[in-house]
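Student: Provided herewith is a single structure, encoded as structure tokens, for subsequent inquiry.
Values quoted throughout were computed directly from the atomic coordinates according to the rules given, and no laboratory measurement underlies them. Bear in mind the structure is a predicted one, so any value in this text is a computation, not a measurement. With ideal geometry, Cβ positions are generated from the backbone for all residues, glycine too; neighbour counts draw on all protein chains shown.
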Amino acid sequence: MAAHIIDGKKISAGLRGNVADAVHRLKRDRGIVPGLAVVLVGNNPASEVYVRNKSKAVTEAGMRPLDRHLPDSISEAELLALIDALNADANVNGILVQLPLPRQIDPQKVIAAIDPDKDVDGFHPLNVGRLGSGSPALVPCTPLGCIILAKTVRPSLAGLEAVVIGRSNIVGKPVAQLLLAANATVTIAHSKTRDLAAVCRRADVLIAAIGQPEFVRGDWIKPGATVIDVGINRVPGEGGKSRIVGDVAHAEASAVAGAITPVPGGVGPMTIACLLVNTLRATCAQNGLPAPNLN
Ligand code: NDP
């Protein structure tokens, strides 16, 4: 039987609607409007598109976009001074610095300069540590989106075998921490893993974050498994056009898996929805309010 397709577009739209409702209540009852500062340095076309989409989503959720677009030539000291100003600005509840940054700027220094309570990307070392030690944390958006999608078909991940392929700080490691926090038995695989196919075949939940088109084959999938495909890979398509595929050979995997995310339309749309979730959570925490109920 063909796998259930986990519709990230629909699930993210629902989540964004719930965030917008919560923002509306926050404004009506407390007069608070969450503000998100997205900092873009330079003119990387892909980053410009991401930032535009983020700002649009922020506005649609009833939040305040407080974007800062800086020239490519800005110095590290100037950027750090801007981060300081955003940290001190009570209208700014979330700060996100779009990566990559120009060569003269050390991204780790910039991330570490962000107030951890405004770190809606969840990349600050304090939030990384909080996640690892099981304390409340702002959690990176794509991993959070993966877990929300997996839970739509597996509401409890407790005791399940979970395999994550990829160990980046942005996706692989934090998603593994979230699975562990949800009581799954977690294996993190990477480029040095031996017999990756056999490792994957153990997985009740398989999360692929590799960056290699259609790398995970159908016969690596345990029958009935939940497959979350994080990959976004551009490959040549018909008529000289390119198309986007994931890290999983979708057609093959769909014939074996119980549920699977498509690419595009799976994890991708969840990332921005989770950024809105994080901005709302950060706003509530900064105002001494309980975490919003987004169900
Ligand atoms: P990175 O390149 O930082 O990490 C890739 C990971 O995959 C590494 O840990 C690497 O292992 C592992 N890997 C590479 N080749 C192999 C292999 N042959 N066998 C096993 N493991 C391998 O990528 P990211 O984590 O940033 O992103 C992963 C994918 O997710 C990309 O396609 C990216 O575009 C996509 N992405 C999607 C997002 C979304 O919103 N949907 C957001 C972020 C990323 P090692 O550490 O040993 O080198």
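Student: Which whole-number percent is the relative contact order of the range 167-295 (Cα, under 8 Å, 6+ apart)?
Tutor: That works out to 18 percent.
Student: If you don't mind, another one. Quick one, can you get me the convex hull of the C-alpha atoms of the range 1-156 expressed as volume per residue in Å³?
Tutor: Expressed per residue, the convex hull around the Cα atoms of the range 1-156 is 147 Å³.
Student: Here is a follow-up. Let me know the Kirkwood hydrodynamic radius for the range 47-131, please, with Cα pairs as the basis and the value in Å to one decimal.
Tutor: 13.7 Å
Student: So what J values fall out for the range 242-254 if you push phi through Karplus, 6.51 cos²θ - 1.76 cosθ + 1.60 with θ = phi - 60°, rounded to Hz, Gly and Pro as x?
Tutor: 9, 9, 9, 10, x, 8, 10, 6, 4, 5, 4, 5, 5
Student: Largest first and in whole Å, give the semi-axes of the chain's equivalent ellipsoid, each being the square root of 5 times a Cα gyration tensor eigenvalue.
Tutor: 32, 22, 19
Student: List the pairs from 109/173; 54/192; 151/241 whose alpha-carbon separation is above 28 Å, in the order I gave them.
Tutor: 54/192; 151/241
Student: On the Cα set of the range 79-126, report Rg and Dmax in Å, please.
Tutor: 10.1, 31
Student: Could you work out how much longer the chain between residue 168 and residue 68 gets when fully extended? Use 0.36 nm per residue separation minus the Cα distance between them, nm to one decimal.
Tutor: Using 0.36 nm per residue and subtracting the Cα-Cα distance, I get 33.3 nm.
Student: Let me ask something else. Rounded to whole Å and sorted largest first, list the principal axis extents of the Cα atoms in the range 159-290.
Tutor: Principal-axis extents of the range 159-290 (Cα, largest first): 50, 41, 28 Å.
Student: Can I ask one more? Work out, step by step, the length gained on full extension between residue 112 and residue 29: first 0.36 nm times the residue separation, then minus their alpha carbon distance; give nm to one decimal.
Tutor: My answer for the length gained is 26.5 nm.
Student: What nm value, rounded to one decimal, do you get for the distance between residue 1 and residue 91 when each label is placed 7 Å out toward the C-beta?
Tutor: 5.4 nm
Student: Nearest 0.05, what FRET efficiency do residue 76 and residue 13 give at R0 = 41 Å with Cβ-Cβ as r?
Tutor: Step by step, r from the Cβ atoms, then E = 0.60.
Student: Taking the alpha-carbon distance from residue 9 and a cut-off under 20 Å, which aspartates and glutamates remain once sequence neighbours fewer than 8 residues away in the same chain are dropped?
Tutor: 21, 60, 229, 247
Student: Okay, moving on. Report ³J(HN,Hα) in whole Hz for each residue of the range 93-106, in order, from the Karplus equation J = 6.51 cos²θ - 1.76 cosθ + 1.60 where θ = phi - 60°; Gly and Pro get x.
Tutor: Listing the rounded values in order: 9, x, 10, 10, 9, 5, 9, x, 9, x, 4, 6, 10, 7 Hz.
Student: Still on this structure: List the relative contact order of the chain as a percent without decimals, with contacts defined as Cα pairs under 8 Å and 6+ residues apart.
Tutor: The value is 22 percent.
Student: Got the relative contact order for the range 1-135 handy, in percent, Cα pairs under 8 Å and 6 or more residues apart?
Tutor: 24 percent
Student: Anyone know which of 181, 61, 282 comes out most mobile in the 10 Å Cα GNM of the chain?
Tutor: For the chain, modelled as a Gaussian network with Cα springs under 10 Å, the answer is 181.
Student: Roughly speaking, what is the stretch gain from residue 49 to residue 190, that is 0.36 nm per residue apart minus the C-alpha to C-alpha distance, in nm to one decimal?
Tutor: 47.8 nm
Student: Continuing with the same structure: Given H placed on each backbone N at 1.01 Å, which residues far from residue 216 in sequence or on other chains put an amide H within less than 5 Å of it?
Tutor: For residue 216, the qualifying residues are 248, 249.
Student: Okay, next question. Taking the Cβ of residue 92 as the centre, find all other residues whose Cβ is under 13 Å away and add up their charges (Lys, Arg: +1; Asp, Glu: -1).
Tutor: -3
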